[in-house]
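Take a look at the structure below.
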Amino acid sequence: MGDWDTIAGWSPAELKAVGDDLAAELKRLRGTEAELRDATTPAEWEGEAAEAAKRSLAEIERGLLHRVEEFAMLRAAVDDAAERLERLHGAMHGAAEFARAHDFEIAGGVVRPRPGAPANPDPDVRAHLEAQVQQIVRTGLDIDADLTTVMRSVLDGKGHSDASTMTKAAAAGAESGQSTLLDPPKDATPAQNKAWWDTLSDDERKWLIAQRPELIGNRKGIPYQARHEANVNRIALEREKLRELRENLKDWTFVLERAKEVGIGKTISDLRGIDEKLKALDVLERQAEDNSIVSLDTSGDRVRAAVAIGDVDNADYVAVYTPGMNSAVEDNMNRYVDELREVNQYAQDMLAGTGETVATVVWMDYEPPKTSVDEIVEGIFDDRAEDGAKRLAAELEGLEASRMDDPPERITAIGHSYGSLTTALALRESDAADAFVSQGSPGWNGDDGLKVPAGELYNLRTDGDLIAGSGWYGGSPENYDGVRQLETDDAVTADGERLAGSEGHSGYTEADRRQSTSEYNTAAVITGRDDLLIEREHADSR
Amino acid sequence: MPDIGVAPRSLRAAAKGTRELADELRTVDPRVADPIARAMPGSGAAKHAAQVGDFWQTRLSENVSSLEDRATKLAEAADTYDGGERAGEADFSGLTPAET
C-alpha cells in the first residue's frame with residue numbers, strides 16, 4: 001500500500017480519543033500531588049533513616065514529575081497530530097473532488113485521467129493535483145514523524161525539564177509536544193507552494209506571516225493577501241537591515257571584509273543604492289495603505305517589488321503590468337499605480353452591472369536598465385529582460401496556481417516598452433496569460449513561441465513613439481503576423497463616448513482622469529470585451 | 001539523640017499517605033497510548049505505541065513498588081519507636097527507582 005492510502009487509513013477521531021484518554025490519565029497523575037504531600041516524612045524526624053526516607057520520596061517525586069511531563073508531551077503531540085490529520089483528510093477529500101470535477105482521479109496517490117473522461121485533460125490541473133498529492137503525503141509523513149519523535153523522546157527518558165511542580169512539568173511537556181511547522185519544499189513550484197499553504201491551519205498561517213514573513217512575502221502560489229501581510233511586516237525589518245548596513249559601511253574594516261566576501265563592485269553598489277532602497281521602502285509603505293505589496297526584494301542593486309490594485313485573490317479579471325526602462329520603485333511606482341488604477345477602473349466600468357471585478361498588479365520585480373552611462377548599453381541587450389522574464393513567468397504561474405480552485409475569467413499580461421520584451425519572453429515560458437497587450441514596444445524578439453491563445457496578442461503604438469518604431473528587439477510588433485493593432489488616436493466608442501488620443505512613448509496610460517483610446521483598448525482586452533475593441537485601420541500610417 | 005521526639009503517629013500518617021499515593025498511581029493506565037497503533041496503522045508512531053506503554057508500565061510499577069516498600073518501612077519505623085528502639089535501624093535504602 002502506498003503512502004497516500006496509508007495516510008487515508010489513519011483515523012483522526014481515534015487519535016483524538018487517545019489524546020482525550022491521555023488527558024484523563026494526566027489529570028490522574030497530577031492528582032497525586034496531594035498524596036505526595038501526605039507521604040512526606042515528619043519534619044522532626046532526623047537521622048540517617050529519615051534522610052534515606054526523604055531521598056526515596058524525592059526520587060519518586062522526580063519520577064512522577066517526569067511521567068507528568070511525558071504524558072503531557074504525548075497528549076499535546078497526539079492532539080496536534082489529530083488536528084493536522086483531520087485537516088489533511090479534508091485536503092485529500094478536496095483534492096479528490098477537484099480531480100473528479102476536472103476529469104481526473106487519484107488512485108493510490110497517482111493522478112490519472114478518469115475512465116471515460118475526454119482526451120487530453122488540462123495539464124495545469126494535472127500538475128496542480130500532482131503537487132497536492134505530493135504535499136499531502138509529505139504532510140502526512142511529517143505528522144507521523146513529529147509524533148514518532150515525541151514517542152522516541154519518551155522512550156529515551158532524556159531531555160526532561162527541571163520542573164519542580166506538576167503544573168510546571170505539565171506545561172513543559174505540553175510545550176515540547178507541539179509539532180514544528182513544516183516548511184515548503186526547497187525550490188517549490190507555485191503548485192507545490194499552494195498545496196503546502198492549503199495544508200496549514202489559519203493559526204499556522206498567521207504565525208508564519210508574523211514570525212517568518214520572509215518565507216511568505218514572495219512565495220508564488222499562495223494567496224496575495226498573505227503575501228501582502230507578510231511584506232508589510234517585512235518593510236520595517238528591511239529598513240532596519242539597510243540602515244544597519246549603511247552604518248557598517250562607514251567602517252573601513254567592515255567594508256574591506258565585505259569586499260572580500262561579495263566583491264568590491266557589489267560593496268560599492270550597496271553603498272550607493274542604500275538611500276534609493278530606503279526611499280523605495282517608504283514608497284511601498286505608503287502604497288500599502290491602499291494597495292497590496294505582493295512582492296518585495298531588497299537583495300539586488302535596486303528594490304524590486306509588485307503592488308496590486310484590487311483583490312487579486314478573488315477578482316474575475318486580473319492584469320499584470322510590467323513597465324520598461326528607467327523604472328524603479330522609488331522613482332515611479334507611485335505614478336504607475338496611479339495610471340493603472342485608472343485603467344483598472346475603466347475595465348471595472350466595462351463590467352458594470354455584472355458584479356464582476358478587476359485587479360491589476362504593477363509588477364516591478366525586475367531591474368530594467370536605466371538610461372545612465374553604465375546601464376544604457378544594457379538596454380541594447382535583453383539580459384535584464386530575460387532575467388525579469390523568469391521571475392514574471394513564475395509570477396504568472398503563481399497567480400494561476402493560487403487561483404486554481406477559483407480561476408479568474410481571464411489573465412492579461414501588459415508590457416510597456418522594454419517591459420513588453422520582458423513580458424513576451426515570460427509568455428514563452430508561462431501559458432498562464434489569456435492575452436498580451438504590448439504598449440510602445442521596441443520588439444518582442446518576434447512573436448514565435450508565445451503561449452497565448454491565437455488572436456489574443458495586441459499592440460499599441462502612438463504617433464511619434466520612436467522607440468516603438470525602432471524594432472530593436474526582433475522588429476516592431478506592428479509587423480508581426482497575428483498581432484492585432486489597436487488604435488491609440490482620438491476615437492469614439494460604440495456608445496458615442498469620445499476618447500482622447502495618446503502621444504509619445506510614455507502616453508499610453510496617464511493618470512489624468514481622462515480616458516484615452518489606448519487605456520480604453522487596454523481595459524477592453526483585460527475584460528475580454530472583444531466587441532468594444534477599437535482596432536487601428538491603417539497600420540502603416542505612423 | 002536525633003530521633004527523639006518523633007511521634008510514631010506522624011510516621012504512620014506518612015506511611016498511610018505513601019500507600020494512598022501508591023494506590024492512586026495504580027489507577028493510572030500506562031497503556032493509554034497503545035491505541036495509537038490502531039489509529040495510525042502502518043505509521044512509525046504505531047510501531048512505538050506499545051513500547052511507550054511498556055516503558056510507562058515499567059516505570060509506574062517501579063514507582064508503586066518503591067512506594068509500597070517505603071510505606072512498609074515507615075510503618076516499621078513507627079513500630080520501632082513504639083518499641084522504644086532507635087529508628088535508625090529501619091533501612092530505606094533500595095527505594096530509589098532505577099530510572100530518573
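Quick notes on this one:
Residue-by-condition table, conditions (1) open to solvent by 10 Å² or more (accessible area, probe 1.4 Å); (2) modelled with pLDDT of 95 or more; (3) closer than 23 Å to residue A:71 by Cα; (4) of a type in the set (Phe, Trp, Tyr):
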| residue | (1), (2), (3), (4) |
| --- | --- |
| B:15 | no, no, no, no |
| B:30 | yes, yes, yes, no |
| B:33 | no, yes, yes, no |
| B:41 | yes, yes, yes, no |
| B:44 | yes, yes, yes, no |
| B:56 | no, yes, yes, yes |
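- Residues satisfying the stated conditions in the range A:516-542, i.e. assigned to a loop (DSSP other than H, G, I, E, B) and either of a type in the set (Asp, Glu) or at pLDDT 95 or above (or both): A:527, A:528, A:529, A:533, A:534, A:537, A:540
- Candidate set from the range A:58-79 (those that are over 30 Å from residue A:11 (Cα atoms) and at the interface with another protein chain (Cβ under 7 Å from one of its Cβ atoms)); member that is most open to solvent (accessible area, probe 1.4 Å): A:62
- Checked against (1) under 13 Å from the mean Cα position of the chain (by Cα); (2) modelled with pLDDT under 90, residue B:77 meets all criteria but (1).
- The numbered conditions (1) at the interface with chain B (Cβ under 7 Å from one of its Cβ atoms); (2) assigned to a loop (DSSP other than H, G, I, E, B); (3) open to solvent by 30 Å² or more (accessible area, probe 1.4 Å) are all true for residue A:116 except (1).
- Residue A:487 passes every criterion in (1) in contact with a Ser or Thr (Cβ under 7 Å, 6 or more places away or on another chain); (2) under 15 Å from residue A:417 (Cβ atoms); (3) of a type outside the set (A, V, I, L, M, F, W, C) apart from (2).
- The range A:168-193, residues that are over 10 Å from residue A:72 (Cβ atoms), part of a helix (DSSP H, G or I) and open to solvent by 40 Å² or more (accessible area, probe 1.4 Å): A:168
- One residue stands out among those in the range A:194-226 that are among the aromatic types (Phe, Trp, Tyr) and buried (at least 19 other Cβ atoms within 10 Å of the Cβ): the one that is nearest to the chain's Cα centre (by Cα), which is A:224.
- Members of the range A:80-110 that are aliphatic (A, V, I, L, M), part of a helix (DSSP H, G or I) and away from every other protein chain (no Cβ under 13 Å): A:91, A:92, A:95, A:96, A:99, A:101
- Top-ranked residue in the range A:490-514 [being of a type in the set (Asp, Glu) and over 39 Å from the mean Cα position of the chain (by Cα); ranked as surrounded by the most Cβ atoms within 10 Å (Cβ to Cβ)]: A:490
- Residues of the range A:6-43 satisfying the condition of being over 20 Å from residue B:49 (Cα atoms), within 9 Å of another protein chain (Cβ to nearest Cβ) and either among the acidic types (Asp, Glu) or outside any helix (DSSP H, G or I) (or both): A:31, A:35, A:38, A:39, A:40, A:41, A:42, A:43
- Which listed residue is assigned to a strand (DSSP E or B), of a type outside the set (Ser, Thr, Tyr) and in the same structural domain as residue A:360 (by TED's automatic domain parsing), from A:437, A:452: A:437
- In the range A:4-30, the residues that are open to solvent by 40 Å² or more (accessible area, probe 1.4 Å) and farther than 30 Å from residue A:88 by Cα: A:28, A:30
- Within the range A:149-167, the set of residues being among the β-branched types (Val, Ile, Thr) and open to solvent by 10 Å² or more (accessible area, probe 1.4 Å) comprises A:149, A:150, A:165, A:167.
- Residue within the range B:60-72 that is facing another protein chain (nearest Cβ under 7 Å), part of a helix (DSSP H, G or I) and open to solvent by 30 Å² or more (accessible area, probe 1.4 Å) present: no
- The condition of being modelled with pLDDT of 90 or more and of a type in the set (Phe, Trp, Tyr) holds for only one of A:197, A:252, that being A:197.
- Any hit, the range A:296-305, residues being modelled with pLDDT under 95 and over 20 Å from the mean Cα position of the chain (by Cα): yes
The values are calculated or read from the model by the stated rules, or taken from the named source; none is laboratory data. Nothing here was measured: the structure is a model prediction, and the numbers come from that model. Please note: Cβ atoms are built from the backbone with ideal geometry, for glycine as well, and neighbour counts cover all protein chains shown. With ligands, DNA and RNA removed, areas are computed over all heavy atoms of the protein, side chains included. Shrake-Rupley method; radii C 1.70, N 1.55, O 1.52, S 1.80 Å.
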